Amino acid sequence: MQELNIVSKEIENNLDSPRISIDTREDNYFGKVYIESYGCQMNFADSEVVTSILIDKGYGTTSNINEADTILLNTCAIRDNAEQKIRHRLQTFKAIKTKNPKVVIGILGCMAERLKTQLIEEEKLVDLVAGPDAYRDLPNLLDQIENGQKAINVFLSKEETYGNIEPVRLHTNGVSAFVSIMRGCDNMCSFCVVPFTRGRERSRDLNSILNECIQLFEKGYREINLLGQNVDSYRWTNPDTNETITFDLLLIAVAKINSDLRVRFSTSHPKDITDDVLYAMAKYSNICKNIHLPAQSGSNRILTLMNRTYSREWYMERINSIRNILGEECGISHDVIAGFCSETEEDHQQTLQLLNDVVYDFGYMFTYSERPGTPAAKKYKDDVPDDVKSRRLQEIIDLQRKHSGIRNEQMIGTIQRVLVEGNSKKSDLHHFGKTDNNKVVVFKKKEENKGDYVEVKIVACTTGTLLGELV
Ligand code: SAM
Ligand code: SF4
């Protein structure tokens, strides 16, 4: 990884917020690049790969948009409002472009892949469009612009994993880092644009994943978040030994790097998560007891229309296995979509009932947003009125909030091992960190430093945070 002279960085924990690039003070012959990232953690990890590729070719980076020669937006296309947010942001660049017409404006990521040349035609400001598999080509694309052309590369690859590129960490507190283990998705959930924007599923070489994790540990990182759209289908065959590594084996290999390195992962798919993964989690104390298991709906009829390929009964059986093998304290979170095509009040009640049956720790909840070109957009009518979608979403959010409170209250009186991540947002006298089951804990500082493990007694909570005392 390049050693950078970092003069500032800004980290936002809200996934919907842009995250801003770092500053390098090196000679930057090709000028300075500013990157904003939107959407999922994969996108934030990709921006770190993009930064590495550009720095390697002699670009500098900046966190000040006004001093940038190239402005890149790494975009999300998962819902219409994500795209609208980016279009709105683009408009604010008009003034920058008017002041300095030489500034290059580029769109990367899923929205680039989905809209292709349309973005250059519609958004007159845009000079460059690059899809998620085209980042190695960015220096060439920027050269083309230098020669007065617009530049586009939206080819999707069956092999690209960026495995040999060491990401330049932009979105980090120095304790916790994202590591991509695979790209793309083969699942074809009917509502989802990801298979079209990120292409076929491919797994990254185990050795390059382990090397990245070892280097992170040596640099002082104490938590690795392994990322993929469907981590349970990780599968890599060693060309030398013909041995096939599945996700449980990968988890164990990362956990064995050092028992002080915590391992988390996201996202698990209910049809694929195996008991082998759960037993690996149970065996290694540094594999964190937290599983993000998107449900999407509690109605079997809707799950079939969504092509999720599991039933509510199958999903509940997986929840029961998680709790049997890992215990009641294991954190479980979900994604749910309200108002999918033809969803009735009865279907919606079944989703609320699923939440009641599981009592999740946390959830990401959305209203259905039709994405052009997806199977659902082709086959079904987006017929639930917006006000009904919003009302159902609110009912789901309210119930989840109640459950988050219940789950947090169950932790009161327990002693938790907490990895210290930094100062609490509200007070410099307090540190914050996370429990093994992924809950944020705030506690009064003593001697401990960022990156240390401490024992904390949980004494109170809100629906979002635990309050503790060092023991
Ligand atoms: N791969 C993960 C999975 O299978 O659960 C999640 C990927 S997606 C980036 C994150 C979440 O966005 C999904 O779980 C789903 O709840 C939501 N989502 C995807 N497409 C959507 C759409 N068209 N409208 C609303 N929410 C959507
Ligand atoms: Fe989209 Fe389904 Fe793949 Fe998740 S598993 S990325 S929801 S297609």
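The values are calculated or read from the model by the stated rules, or taken from the named source; none is laboratory data. Being a predicted model, the structure only gives us computed values, none of them experimental. All Cβ positions, even for glycine, are placed from backbone atoms using ideal geometry, and neighbour counts span all protein chains on display.
For Lys434, the conditions (1) modelled with pLDDT of 95 or more; (2) of a type in the set (Lys, Arg); (3) over 23 Å from the mean Cα position of the chain (by Cα) are fulfilled apart from (3).
Look at Ser297 and say whether it is more than 16 Å from ligand 1 (Cβ to nearest atom) and either closer than 23 Å to Lys402 by Cα or surrounded by fewer than 16 Cβ atoms within 10 Å (Cβ to Cβ) (or both). So Ser297 fails the test. A Cβ distance below 7 Å, combined with a sequence gap of six or more or placement on separate chains, defines the contacts here; from the range 255-275, residues that are more than 17 Å from Arg308 (Cβ to Cβ) and among the hydrophobic types (A, V, I, L, M, F, W, C) reach residues that are within 10 Å of ligand 1 (Cβ to nearest atom) and not in a loop (DSSP other than H, G, I, E, B) in the pairs Phe265/Val231. Considered as a group, the residues in the range 217-242 that are aliphatic (A, V, I, L, M) and either part of a helix (DSSP H, G or I) or farther than 16 Å from Cys185 by Cβ (or both) include one that is nearest to ligand 2 (Cβ to nearest atom), and that residue is Val231. Scanning the range 101-114 for residues that are in contact with a helix residue (DSSP H, G or I) (Cβ under 9 Å, 6 or more places away or on another chain) and surrounded by fewer than 23 Cβ atoms within 10 Å (Cβ to Cβ) yields a count of 4.
Of all the numbered requirements in (1) of a type outside the set (S, T, N, Q); (2) more than 30 Å from Ile396 (Cβ to Cβ); (3) touching a helix residue (DSSP H, G or I) at 6+ places or on another chain (Cβ under 9 Å); (4) crowded, with 22+ Cβ neighbours inside 10 Å, Val231 misses one, and that requirement is (2). Scanning the range 25-81 for residues that are in contact with a strand residue (DSSP E or B) (Cβ under 8 Å, 6 or more places away or on another chain), part of a helix (DSSP H, G or I) and without any contact (Cβ under 8 Å) to a residue 60 or more places away in the chain, we see that the one that is nearest to ligand 2 (Cβ to nearest atom) is Ile65. In the range 291-302, is there at least one residue being in contact with a strand residue (DSSP E or B) (Cβ under 7 Å, 6 or more places away or on another chain), hydroxyl-bearing (Ser, Thr, Tyr), within 30 Å of Ile415 (Cα to Cα) and not in a helix (DSSP H, G or I)? Among the residues of the range 291-302, not one is in contact with a strand residue (DSSP E or B) (Cβ under 7 Å, 6 or more places away or on another chain), hydroxyl-bearing (Ser, Thr, Tyr), within 30 Å of Ile415 (Cα to Cα) and not in a helix (DSSP H, G or I), which makes the answer no. Looking across the range 340-377, the residues that are acidic (Asp, Glu) and either touching a strand residue (DSSP E or B) at 6+ places or on another chain (Cβ under 8 Å) or not in a helix (DSSP H, G or I) (or both) come down to Glu343, Asp361, Glu370. For the range 376-394, a residue qualifies if it is within 16 Å of ligand 2 (Cβ to nearest atom) and surrounded by fewer than 17 Cβ atoms within 10 Å (Cβ to Cβ), and the qualifying residues are Ala377, Lys378, Lys379.
For the range 243-277, residues that are of a type in the set (Asp, Glu) and within 16 Å of ligand 2 (Cβ to nearest atom) total 1.
The residue of the range 168-187 that is nearest to Ile35 (Cα to Cα), among those that are part of a loop (DSSP other than H, G, I, E, B) and away from ligand 1 (no atom under 14 Å from the Cβ), is Leu170. In the range 301-324, the residues that are under 12 Å from Leu354 (Cβ atoms) reach residues that are of a type in the set (Val, Ile, Thr) and in a helix (DSSP H, G or I) with C-beta atoms within less than 9 angstrom, at least six apart or across chains, in these pairs: Ile302/Thr351; Ser311/Thr304; Tyr315/Val358; Met316/Val358; Ile319/Val358.
Screening Ser190 against (1) small (Gly, Ala, Ser); (2) within 16 Å of ligand 1 (Cβ to nearest atom); (3) closer than 16 Å to Tyr234 by Cα leaves a single unmet condition, (3).
Away from ligand 1 (no atom under 16 Å from the Cβ), at pLDDT 95 or above and more than 29 Å from Glu370 (Cα to Cα), is that true of Ser208? In short, yes.
Every listed requirement among (1) in a loop (DSSP other than H, G, I, E, B); (2) in contact with a Phe, Trp or Tyr (Cβ under 9 Å, 6 or more places away or on another chain); (3) surrounded by fewer than 21 Cβ atoms within 10 Å (Cβ to Cβ) is met by Phe155 save one, (2).
The residue list Ile325, Ile337, Ile397, Ile406 contains one member that is touching a strand residue (DSSP E or B) at 6+ places or on another chain (Cβ under 9 Å) and more than 15 Å from ligand 2 (Cβ to nearest atom), which is Ile397. Among the residues of the range 378-397, those identified as in a helix (DSSP H, G or I) and either within 24 Å of the chain's Cα centre (by Cα) or not charged (D, E, K, R) (or both) are Val388, Ser390, Leu393, Gln394, Ile396, Ile397.
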